[in-house]
1. Could you give me the residue pairs with C-beta distances under 9 Å whose first residue belongs to segment 165-176 and is free of Cβ contacts under 8 Å to residues at least 24 places away in the same chain and aromatic (Phe, Trp, Tyr), whose second residue is surrounded by 17 or more Cβ atoms within 10 Å (Cβ to Cβ) and not in a helix (DSSP H, G or I) wherever it lies, and which are 6+ apart or on separate chains?
2. Residues of segment 59-86 being of a type in the set (Gly, Ala, Ser) and at pLDDT 95 or above, which ones?
3. Can you go through 29, 33 and tell me which one is under 27 Å from residue 106 (Cβ atoms), crowded, with 16+ Cβ neighbours inside 10 Å, out of contact with any His (no Cβ under 9 Å at 6 or more places or on another chain) and free of Cβ contacts under 8 Å to residues at least 24 places away in the same chain?
4. Within segment 131-149, does at least one residue satisfy the condition of being surrounded by fewer than 16 Cβ atoms within 10 Å (Cβ to Cβ), part of a helix (DSSP H, G or I) and in contact with a Leu (Cβ under 8 Å, 6 or more places away or on another chain)?
5. From the list 89, 134, exactly one residue is modelled with pLDDT of 95 or more, under 16 Å from residue 53 (Cβ atoms) and of a type in the set (S, T, N, Q). Which is it?
6. Looking only at segment 40-62, how many residues end up being farther than 15 Å from residue 109 by Cα, of a type in the set (A, V, I, L, M) and surrounded by 15 or more Cβ atoms within 10 Å (Cβ to Cβ)?
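The values are calculated or read from the model by the stated rules, or taken from the named source; none is laboratory data. These numbers were taken from a predicted model, which means no experiment stands behind them. Cβ: placed from backbone, ideal geometry, glycine included. Neighbour counts: every protein chain shown.
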Amino acid sequence: MIVVVDYNPAWPRVFGALRATLAGTLGDIALAIEHVGSTSVPGLAAKPVIDIDVVVEDSDVALAIGGLEAIGYTHRGDLGIPQREAFRQPPGFPPHHLYVCPEHSPALANHRALRDYLRMNPEAVMAYGALKKQLALRFGDDMDGYVEGKTAFIVDILAKRGLTADTLADIERMNRRPVP
């Protein structure tokens with residue numbers, strides 16, 4: 001069941017604890033460890049799962065994967081999103097999605113652009129939160145439908161942030177339901 005809840009002011013603290021663990025593991029390999037996704041935007045309703053991007057040099061992606069696997073993360077590949085390596089969290093960690101992104105990754109740019117726009121636009125936060133709650137009710141357990149339902153809203157914001165037409169088309173393509 002897809003659950004979207006009102007903003008929880010504890011989310012930045014949860015991110016901070018996870019960030020400390022990741023920084024301790026990755027050291028200088030991590031150029032940045034960023035809180036992205038809906039839980040990173042004050043006031044935004046979200047699934048209660050922290051999204052984290054670990055930013056690395058292109059040449060350090062394999063080192064970061066190895067370091068994360070050493071503390072119990074399971075590498076899942078790019079899951080269809082180029083230049084974004086996904087991980088399953090170790091048992092006992094707070095719910096989160098972890099990604100390793102090279103510093104010039106389009107996925108990282110998209111995450112930052114959406115987060116930063118929403119942080120500066122409270123009216124968009126309210127509209128996006130309402131949309132996400134509506135989609136969660138409508139789609140229940142259908143995550144593909146939920147993601148696809150958010151896509152037009154996200155693409156509109158990313159267009160305002162100056163992402164190219166090709167990048168926007170790629171995002172739309174990646175967020176479409178898989179064809180059976």
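1. Listed pairs, sorted by first residue: none to list.
2. Selection gives 59, 62, 64, 66, 67, 70, 72, 77, 86.
3. So the residue among 29, 33 that is under 27 Å from residue 106 (Cβ atoms), crowded, with 16+ Cβ neighbours inside 10 Å, out of contact with any His (no Cβ under 9 Å at 6 or more places or on another chain) and free of Cβ contacts under 8 Å to residues at least 24 places away in the same chain is 33.
4. Yes: one or more hits.
5. 89
6. Here the count works out to 7.
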